[in-house]
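Before any comments, here is the structure.
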Amino acid sequence: MEYPPITKPPIDQFAVRPNLGEYDAARQSITWEQIRSELDGHPGGGLNIAYECLDRHLKTDRRNKVAMIWEAGDHDPETYTFEQFTKEANKVANGLRSLGVEKGDRVFMFLSRIPECYFTAFGVLKLGAVIGPLFPAFGPDAVKDRLEDSGARVLVTSPELWSKVKEIRGDLPDLQKIVLITRRKEAEPGEADEVLWDDVIANQSDEFETVNTDPEDYAVMHYTSGTTGKPKGAAHVHNAIIGHYATGKHILDLHDDDIYWCTADPGWVTGTSYGMFAPWSNGATSLIYEGGFGANAWYGMIAKHKVTVWYTAPTAIRMLMKAGDEVAKKHDLSSLRYTMSVGEPLNPEAVVWGEKAIGLPFHDNWWQTETGAIMIANYASMEIRPGSMGRPFPGIEAAIIDDEGNEVPAGEEGDLALKPGWPSMFRTYWHKKERYDSCFRDGWYITGDRARMDGDGYFWFVGRADDVINTAGHLVGPFEVESALIEHPAVAEAGVIGKPDAVAMEVVKAFVALKDGYEETEELRRELKRFAIDKLGKAVAPREIEFLPGMPKTRSGKIMRRLLKARELGLPEGDTSTLED
Ligand code: AMP
């Protein structure tokens, strides 16, 4: 079905800004230099994300403005002004310094969305150290891989999450201290290297002079999955704040009176770039909701806090659609003026449903961990083409290229590629320079996505160029799951694919061949599922497991996931000339 373009809200509502609806003119008028000049810069001459998000607002009326509304659903919300927030972050910076943390050290956070998670992130950045956010639904293996690879020096976590993964402690020689936050659960420091937040941070001075970092100093590490190997640490620098600020202003369209809600967890890049950096560098009030998904709970948050700008994800939107329009109609959602989505393809039906059920269409946009900030978007002021990701942000050159690096004609499928050089671009994969270098071809950064561009310059997502699985907006590397499964004594081989799913887009499905002497029983299947959850956590473990007598393999012995997928979907098997006899 063809959907007509959506041209709401009216363009003149945005007249105060260079009008991205008038796209070509906006491309001329927005430059990175001009955006950079809107930020303060560190008084010492450098650039620091925390300085731009917190300290600089203390020189203005925003000092007493609410930066964060924190809502857990089980008691009254807490609010923090920019000044209060800064003071809390300062205590973290002083506390971590007293533990020996220095500029450049990696401090990882394994936390739910509690206020201390946000204070920690900014305290670390103020110190010039590097944050590594971890998704709280990860299991021990997933946490260990990331801490080990990054050489993390300190882990800030909670007693309940730490007890889930504590067994990995012995494998992490670089990890010197574990800071336990007892907001939800009391704890005694157990081992000598475990310390309590209340002892090392809560009583620190709330004064701290943010370290004068260079724009090219590392600031944030996010691990992301590839087709092969363990997840890679995409490293971002303080300069990225120019991109967060710019896209927060022009794509999220944040104004001073906005109440903004980004539903992503900071364990993923959207939750840091757009849950923290973009809103706070723009001085907006941001709602942080610790609770999980629930249609009534989510609509209730919008109504209660009068959210005006809402940034969410396709899986959540599809779940809201499933819950039915009546649930939406029970809540007063009239505060909303602008809604966006990212992370997976947004079905055109979902864009249109938004208009019908909540009165606004969802504006899709595209980016990824490596890009650090939004690259392609259906802007607030421009015509939305339902099903398309939109057009490149001014300053971003995007193209569809072929294997030789040539741009293909409009309408043709190819690799979605970007011209390197934008401020928020990742600077390396941690200790994996070769993998980083392999992302570039003929002067282009190759995103790993396949797409098309239409005659008007709108980009349309086609699929991943590799085997990476996108489940509910989270990338899962099949290799990571296969490696965990074959650690079980019954498993000889495992092949993992993404199986299409109406709500989560894809779910992780594993095919398993057993060793001699093991029987394909329901009990063993359940045991393997549990085994994978215990190792990897629910976010990564397979939802389905199917037994096979053996895996289809190439002559060189590589499992052909492509074939497993084709067979699962009943599709043609394609070229099987390399298949093992
Ligand atoms: P991540 O690095 O975990 O943020 O995942 C990035 C990947 O998610 C992209 O490379 C795409 O495959 C997918 N993705 C993100 N946004 C969109 C979108 N708007 N439409 C389709 N796919 C998307």
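The values are calculated or read from the model by the stated rules, or taken from the named source; none is laboratory data. All values derive from a computational prediction rather than experimental measurement. Cβ placement follows ideal geometry from the backbone for every residue including glycine, while neighbour counts extend to all protein chains displayed. We work out accessible area using only protein heavy atoms, side chains counted, and drop any ligands, DNA or RNA first. Shrake-Rupley method; radii C 1.70, N 1.55, O 1.52, S 1.80 Å.
Suppose the filter is touching a strand residue (DSSP E or B) at 6+ places or on another chain (Cβ under 7 Å), part of a loop (DSSP other than H, G, I, E, B), under 22 Å from SER438 (Cβ atoms) and not aliphatic (A, V, I, L, M); does GLY226 pass it?
Working: touching a strand residue (DSSP E or B) at 6+ places or on another chain (Cβ under 7 Å): yes; part of a loop (DSSP other than H, G, I, E, B): yes; under 22 Å from SER438 (Cβ atoms): yes; not aliphatic (A, V, I, L, M): yes.
Considered against the rule, which asks whether it is touching a strand residue (DSSP E or B) at 6+ places or on another chain (Cβ under 7 Å), part of a loop (DSSP other than H, G, I, E, B), under 22 Å from SER438 (Cβ atoms) and not aliphatic (A, V, I, L, M), GLY226 comes out as yes.
Within the set of pairs 6 or more residues apart or between chains, which connect a residue that is touching a residue at least 24 places away in the same chain (Cβ under 8 Å) and closer than 11 Å to MET425 by Cα inside the stretch 234-245 to a residue that is within 16 Å of the ligand (Cβ to nearest atom) and among the charged types (D, E, K, R) with Cβ atoms less than 8 Å apart?
ALA234/GLU370; ALA235/ARG427; HIS236/ARG427; VAL237/ARG427
Could you look through the stretch 186-210, keep only residues that are in a loop (DSSP other than H, G, I, E, B), touching a residue at least 60 places away in the same chain (Cβ under 8 Å) and among the aliphatic types (A, V, I, L, M), and pick out the one that is nearest to ALA121 (Cα to Cα)?
In this case the residue turns out to be ILE201.
Quick one: is TYR223 aromatic (Phe, Trp, Tyr), touching a residue at least 60 places away in the same chain (Cβ under 8 Å) and more than 26 Å from GLU482 (Cα to Cα)?
For TYR223, the condition - aromatic (Phe, Trp, Tyr), touching a residue at least 60 places away in the same chain (Cβ under 8 Å) and more than 26 Å from GLU482 (Cα to Cα) - is not met.
How many residues are open to solvent by 40 Å² or more (accessible area, probe 1.4 Å) and β-branched (Val, Ile, Thr) when one looks only at the stretch 78-104?
Total satisfying the criteria: 1.
Applying the selection to the stretch 467-481, what residues are of a type in the set (D, E, K, R) and open to solvent by less than 50 Å² (accessible area, probe 1.4 Å)?
Within the stretch 467-481, just GLU480 meets the criteria.
Are there any pairs, at least 6 apart or on different chains, whose C-beta atoms fall under 8 Å, with the first in the stretch 520-547 and on the phi > 0 side of the Ramachandran plot and the second surrounded by 14 or more Cβ atoms within 10 Å (Cβ to Cβ), and if so, which?
GLY537/PHE135; GLY537/ALA137; GLY537/PHE138; GLY537/GLY139; GLY537/ALA142
Listed residues ALA510, ALA492; which is surrounded by 16 or more Cβ atoms within 10 Å (Cβ to Cβ) and assigned to a strand (DSSP E or B)?
Values: ALA492 fails: surrounded by 16 or more Cβ atoms within 10 Å (Cβ to Cβ).
The conditions single out ALA510.
List the pairs whose first member sits in the stretch 22-42 and is at pLDDT 90 or above, whose second member is charged (D, E, K, R), and whose Cβ atoms are under 6 Å apart, counting only residues at least 6 apart or on separate chains?
Note: pairs meeting the criteria are LEU39/GLU52; ASP40/ARG56.
Each row is one residue, and each column tells you yes or no for (1) open to solvent by less than 60 Å² (accessible area, probe 1.4 Å); (2) in contact with a helix residue (DSSP H, G or I) (Cβ under 6 Å, 6 or more places away or on another chain).
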position	(1), (2)
GLU38	yes, no
GLY41	yes, no
ASN48	yes, yes
CYS53	yes, yes
GLY73	yes, no
ASP76	no, no
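If TRP353 satisfies all but one of (1) within 13 Å of the ligand (Cβ to nearest atom); (2) open to solvent by less than 30 Å² (accessible area, probe 1.4 Å); (3) under 23 Å from THR471 (Cα atoms), what's the number of the condition it fails?
Unmet for TRP353, out of (1) within 13 Å of the ligand (Cβ to nearest atom); (2) open to solvent by less than 30 Å² (accessible area, probe 1.4 Å); (3) under 23 Å from THR471 (Cα atoms): (1).
Going by what's in this entry, would ASP364 be described as within 16 Å of the ligand (Cβ to nearest atom) and either touching a strand residue (DSSP E or B) at 6+ places or on another chain (Cβ under 6 Å) or in a loop (DSSP other than H, G, I, E, B) (or both)?
Details: within 16 Å of the ligand (Cβ to nearest atom): yes; either touching a strand residue (DSSP E or B) at 6+ places or on another chain (Cβ under 6 Å) or in a loop (DSSP other than H, G, I, E, B) (or both): yes.
Taking the combined requirement at face value, the residue satisfies it.
In the stretch 420-439, which residue that is without any contact (Cβ under 8 Å) to a residue 40 or more places away in the chain and within 24 Å of GLY390 (Cβ to Cβ) is farthest from the ligand (Cβ to nearest atom)?
Filtering first and then ranking leaves GLY421.
Out of the residues in the stretch 290-344 meeting the condition of being more than 16 Å from the ligand (Cβ to nearest atom) and of a type in the set (S, T, N, Q), tell me which one is farthest from MET375 (Cα to Cα).
Of everything passing the filter in the stretch 290-344, ASN296 is farthest from MET375 (Cα to Cα).
Can you find even one residue in the stretch 312-321 that is closer than 25 Å to ALA50 by Cα, part of a loop (DSSP other than H, G, I, E, B) and either of a type outside the set (A, V, I, L, M, F, W, C) or open to solvent by less than 10 Å² (accessible area, probe 1.4 Å) (or both)?
Within the stretch 312-321 (the criterion being closer than 25 Å to ALA50 by Cα, part of a loop (DSSP other than H, G, I, E, B) and either of a type outside the set (A, V, I, L, M, F, W, C) or open to solvent by less than 10 Å² (accessible area, probe 1.4 Å) (or both)), the answer is no, since none of the residues qualifies.
Being assigned to a strand (DSSP E or B), over 20 Å from SER37 (Cα atoms), of a type in the set (A, V, I, L, M) and within 16 Å of the ligand (Cβ to nearest atom), is that true of even one residue in the stretch 260-269?
The answer is no; no qualifying residue exists.
For the stretch 122-140, does any single residue satisfy the condition of being open to solvent by 10 Å² or more (accessible area, probe 1.4 Å), within 21 Å of PRO231 (Cβ to Cβ) and without any contact (Cβ under 8 Å) to a residue 40 or more places away in the chain?
no
Say we look at the stretch 453-466 and pick out the residues that are buried (at least 20 other Cβ atoms within 10 Å of the Cβ) and part of a strand (DSSP E or B); which of these is nearest to the ligand (Cβ to nearest atom)?
If we take residues in the stretch 453-466 being buried (at least 20 other Cβ atoms within 10 Å of the Cβ) and part of a strand (DSSP E or B), then PHE459 is nearest to the ligand (Cβ to nearest atom).
Answer yes if at least one residue in the stretch 144-157 is more than 18 Å from HIS431 (Cα to Cα) and assigned to a helix (DSSP H, G or I), and no otherwise.
no
Restricting to the stretch 380-419, name every residue that is open to solvent by 60 Å² or more (accessible area, probe 1.4 Å), under 18 Å from GLN368 (Cα atoms) and in contact (Cβ under 8 Å) with a residue 24 or more places away in the chain.
LYS419
For every residue, the table says whether it meets (1) open to solvent by 10 Å² or more (accessible area, probe 1.4 Å); (2) over 25 Å from the mean Cα position of the chain (by Cα); (3) not charged (D, E, K, R).
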site	(1), (2), (3)
MET109	no, no, yes
GLU116	yes, no, no
ALA142	no, no, yes
ILE168	no, no, yes
GLN176	yes, yes, yes
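Could you grab me the full set of residues in the stretch 436-452 that are open to solvent by 70 Å² or more (accessible area, probe 1.4 Å) and among the basic types (Lys, Arg)?
ARG452
Tally up the residues in the stretch 238-268 that are open to solvent by less than 10 Å² (accessible area, probe 1.4 Å), more than 19 Å from the chain's Cα centre (by Cα) and of a type in the set (Val, Ile, Thr), please.
So the count comes out to 0.
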